[in-house]
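Some notes on the structure that comes next.
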Amino acid sequence: MAGSLKDQLLKAGLANKQQAKKASIEQRKEKKNISQVSLEKAESEARLKKQREEKAAQDRALNQARDTAAHERAIDAQVKQLIEHHKIRISDKAETKYQFVDGTAIKQIWVDSAHVTQLVRSQIRIARDGDQYSLIPAIVAARIEERRPERVIPLSSDQQTSDEDDPYADYVIPDDLMW
């Protein structure tokens with residue numbers, strides 16, 4: 001009983017050399033197939049793992065983008081609420097047209113003389129409220145500038161940047177000049 005099963009079957013006469021050779025070839029083929037199958041299985045598992053990792057990375061990126069968009073919408077809502085809540089009402093009897101620069105365009109807003117004085121002293125500021133402009137206290141404007149600086153119209157002192165080729169750089173324009 002020390003020999004292999006093949007040897008024992010040959011000695012007992014239950015199998016001949018051809019059958020034994022055929023059986024050993026079949027065993028080798030099975031081992032080869034098993035190794036190929038296990039190799040293919042390992043490759044497919046590696047592909048699946050890589051696909052899962054890519055999908056997870058893509059999902060993380062999408063979630064990050066959604067979170068960023070939600071955060072931006074929340075900031076916009078906060079700024080809108082700050083402007084709406086702290087908006088200074090201008091009476092219907094406003095007689096002074098206050099002109100200011102918004103980007104590259106000159107805009108205007110009708111205000112009272114008291115508001116003009118406060119604007120010149122930077123006690124109140126102008127904020128972009130959709131396609132309209134509103135007056136808000138300077139403290140609220142500072143809070144809005146922390147969140148969305150583009151929503152607050154810069155002060156005239158903030159806008160003045162000296163240009164080297166400006167022929168009128170030596171002439172100072174007063175802040176309370178009405179056009």
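Quick note: the coordinates plus some simple rules give every number you see, no bench work behind them. This is a predicted model, so every value here is computed, not measured. Positions of Cβ are generated from backbone atoms using ideal geometry, with glycine treated the same way; all protein chains shown enter the neighbour counts.
Okay, here's what the table says:
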item	result
Trypsin sites (Lys or Arg not before Pro) lying in DSSP loop within region 88-156, provided at most 12 other Cβ fall within 10 Å	89, 93, 121
Dimensionless Rg ratio for the chain, taking C-alpha atoms and the 2.2 N^0.38 Å reference	2.59
Cβ-derived FRET efficiency at R0 35 Å, residue 59 paired with residue 34, nearest 0.05	0.45
GNM top mover of 36, 18, 132 - the chain, alpha-carbon springs below 10 Å	18
Estimated FRET transfer efficiency (residue 147, residue 52; beta-carbon r; R0 41 Å; 0.05)	0.60
Paramagnetic reach from residue 81 in region 117-149 [backbone N under 17 Å; point 7 Å along Cα→Cβ]	140-141, 143-148
Phi to ³J(HN,Hα) by Karplus 6.51 cos²θ - 1.76 cosθ + 1.60 over region 42-58, Hz, x for Gly, Pro	5, 5, 5, 5, 5, 4, 4, 5, 5, 4, 4, 5, 5, 5, 5, 5, 5
Structure-based [θ]222 nm, the chain - -39500 (n - 2.57) summed over DSSP H runs of at least 4, per residue, nearest 500	-19000 deg cm²/dmol
Gained length - residue 171 relative to residue 138, 0.36 nm times residue gap less alpha-carbon distance	9.1 nm
Nitroxide proxy distance, nm - points 7 Å out along Cα→Cβ at residue 67 and residue 18	7.3 nm
Gaussian network model of the chain, springs between alpha carbon atoms under 10 Å - residue of 90, 106, 144 with greatest fluctuation	106
GluC sites (Glu not before Pro) restricted to DSSP loop in region 78-151 with at most 14 other C-beta within 10 Å	95
For residue 96, residues with placed amide H under 5 Å, excluding near neighbours	111
Using θ = phi - 60° and Karplus 6.51 cos²θ - 1.76 cosθ + 1.60, couplings along region 79-84 (whole Hz; Gly, Pro as x)	5, 4, 5, 4, 5, 5
